[in-house]
Amino acid sequence: MALPHIIKHIYNNGTDEVIRRGKKIHALGFVELVEHDDLLSSVVMRVRDDIYNTYYKVSIQKYTDPKLMALRCGCPYNLGEICRHESAALFRLQDLIDKNQLGVSEIQYDQHHTIAKMKHIDLKIIKVLSSSAIYDRAETLLRTTKANITKAADERVEAELAIDGQTFPLVIQKNDERNFDTSCSCDETQHPLCVHKTLLFVQLLNAYGPYYFETIRNWDKEKDKLLQIYGYRLNDDLDGKFEFTYKEGKPFLKVLD
């Protein structure tokens, strides 16, 4: 039976000493799981040294993908690809996976409703929530195709995207947690963001910037408070007196007269 890629990573990148001491630290129970993000395939471990009474934070990113998996430890070791604390953390991670204690499973996404956990349009997060293939496809399509935006108000964008004879209705809107609820009619199940949602996000980012959804938020209450400082209200005649500008999506009052 082939070794799991996590264990292969230890043996391919660790010295004999690092592997031996990593096994020892793991066997002593000195590795504690602190954080786990199933969606991003990342964990944070708290690892106690096998000699000194010192604890180190070890983060492991993209542990489900042998090509993208990345490790980081706070210790000063720099004589090899991985240190004994990272070795111990990887042994512990594989142990948790084998015992099904991480709840790692193949998630099936329904594009009619997925959540993009970001506070503004963030290209790095978009790439994480889609895939390199999806993102590249979206960028390629954007060179010749644009989503037709049919509504943009109250932190909600509705659009239609016509590709290969099919029209996909799209919705992106801010939710109560200030993240994005997204919807598409396509059948992508492997990732939270399909190529159509990804294209729309990137199109909005390129055209309006990362804080676009703040600019289509109803800011009337905030604008009223700014005007009250000068004895005005939003329903007064403001022509030639005031102008609202936006910085990072938030309104600022500019006095004209």
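The values are calculated or read from the model by the stated rules, or taken from the named source; none is laboratory data. These numbers come from a predicted model, not from an experiment. All Cβ positions, glycine included, derive from the backbone under ideal geometry; neighbour counts span all protein chains shown.
Quick look at the numbers
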item: Sole exception among (1) at pLDDT 90 or above; (2) of a type outside the set (A, V, I, L, M); (3) more than 14 Å from the chain's Cα centre (by Cα) for Asn78, by number; result: (1)
item: Residues of the stretch 186-232 classified as closer than 21 Å to Thr140 by Cα and among the small types (Gly, Ala, Ser), total; result: 2
item: Test result for Ile25, over 30 Å from the mean Cα position of the chain (by Cα) and assigned to a helix (DSSP H, G or I); result: yes
item: Top-ranked residue in the stretch 111-159 [being among the basic types (Lys, Arg) and surrounded by 13 or more Cβ atoms within 10 Å (Cβ to Cβ); ranked as nearest to Gln173 (Cα to Cα)]; result: Arg156
item: Hey, Cys73 closer than 20 Å to Ile51 by Cβ and over 27 Å from the mean Cα position of the chain (by Cα) or not; result: no
item: Cβ-Cβ under 8 Å pairs, at least 6 apart or on other chains, the stretch 26-39 side over 30 Å from Gln108 (Cα atoms), far side assigned to a helix (DSSP H, G or I) and among the aliphatic types (A, V, I, L, M); result: His26/Ala88; Phe30/Ala88; Val31/Ile25; Val31/Ala88; Val31/Ala89
item: Selection count, the stretch 43-56, where residues are over 15 Å from Phe91 (Cα atoms), out of contact with any helix residue (DSSP H, G or I) (no Cβ under 6 Å at 6 or more places or on another chain) and surrounded by 13 or more Cβ atoms within 10 Å (Cβ to Cβ); result: 1
item: Residue within the stretch 122-139 that is modelled with pLDDT of 95 or more, aliphatic (A, V, I, L, M) and more than 21 Å from Asp65 (Cα to Cα) present; result: yes
item: The one condition in (1) part of a helix (DSSP H, G or I); (2) out of contact with any helix residue (DSSP H, G or I) (no Cβ under 8 Å at 6 or more places or on another chain); (3) not aliphatic (A, V, I, L, M) that Glu160 fails to fulfil; result: (1)
item: Qualifying residues in the stretch 192-233 (those that are modelled with pLDDT of 95 or more and of a type in the set (S, T, N, Q)) - the one surrounded by the most Cβ atoms within 10 Å (Cβ to Cβ); result: Thr198
item: Filter result (polar (S, T, N, Q) and in contact (Cβ under 8 Å) with a residue 12 or more places away in the chain) within the stretch 207-247; result: Thr215, Asn218
item: Residue list for the stretch 65-104, restricted to those being under 17 Å from Val43 (Cβ atoms), in contact (Cβ under 8 Å) with a residue 24 or more places away in the chain and part of a loop (DSSP other than H, G, I, E, B); result: Asp65, Pro66, Met69, Ile82, Cys83, Leu102, Gly103, Val104
